[in-house]
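Take a look at the structure set out below.
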Amino acid sequence: MKKIAERVKVVKVEEVAKGFGKTIRIGELEIALFRLNNDHFHAIENRCPHRGGVLVEGIVSGQHVFCPMHDWKIDITTGKVQEPDRGCVRTFEVEVIGEDVYILFL
């Protein structure tokens, strides 16, 4: 069982269209919250590890987002950059309760 340190309500489900993302700011953190076409929500750090492109502005394809600056392909579910590029972004746990979406800090 995971111990949750903090649960922050960030949006209503209807505020994020399927296949798109939304920028969420929690304190000094900038998070990209994505709603995939399968209706699952995922949250990752909103900056590409390459040159800091804003990931929520990238194109979403399946479970990946393409950085708008240099087209790096990042798996939204794991935060890993697809090879041959290297790197990863921080991921955050997401929980949907009713119509509310929460980001969890473990």
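The values are calculated or read from the model by the stated rules, or taken from the named source; none is laboratory data. Treat the numbers as computed from the prediction; the structure is a model and nothing was measured. Don't worry about glycine lacking a Cβ; one is built from the backbone with ideal geometry, like all the others, and counts go over all protein chains shown. Accessible surface areas use protein heavy atoms only, side chains included; no ligands, DNA or RNA. Shrake-Rupley method; radii C 1.70, N 1.55, O 1.52, S 1.80 Å.
Taken over region 64-106, the criterion of being under 22 Å from Glu6 (Cβ atoms) and acidic (Asp, Glu) is satisfied by Glu93, Glu95, Glu99, Asp100.
Here Ile44 clears all of (1) buried (at least 16 other Cβ atoms within 10 Å of the Cβ); (2) more than 12 Å from the chain's Cα centre (by Cα); (3) assigned to a strand (DSSP E or B) except the condition numbered (2). Restricting region 63-85 to residues that are free of Cβ contacts under 8 Å to residues at least 24 places away in the same chain, part of a loop (DSSP other than H, G, I, E, B) and open to solvent by 50 Å² or more (accessible area, probe 1.4 Å) leaves a set whose member that is farthest from Gly21 (Cα to Cα) is Pro84.
Within region 17-39, the set of residues being over 11 Å from the mean Cα position of the chain (by Cα), in contact (Cβ under 8 Å) with a residue 12 or more places away in the chain and assigned to a loop (DSSP other than H, G, I, E, B) comprises Ala17, Lys18, Gly19, Asn37, Asp39.
Looking at the structure I just gave you, is His50 open to solvent by 30 Å² or more (accessible area, probe 1.4 Å) and under 23 Å from Ile97 (Cα atoms)?
Working: open to solvent by 30 Å² or more (accessible area, probe 1.4 Å): yes; under 23 Å from Ile97 (Cα atoms): no.
In short, no.
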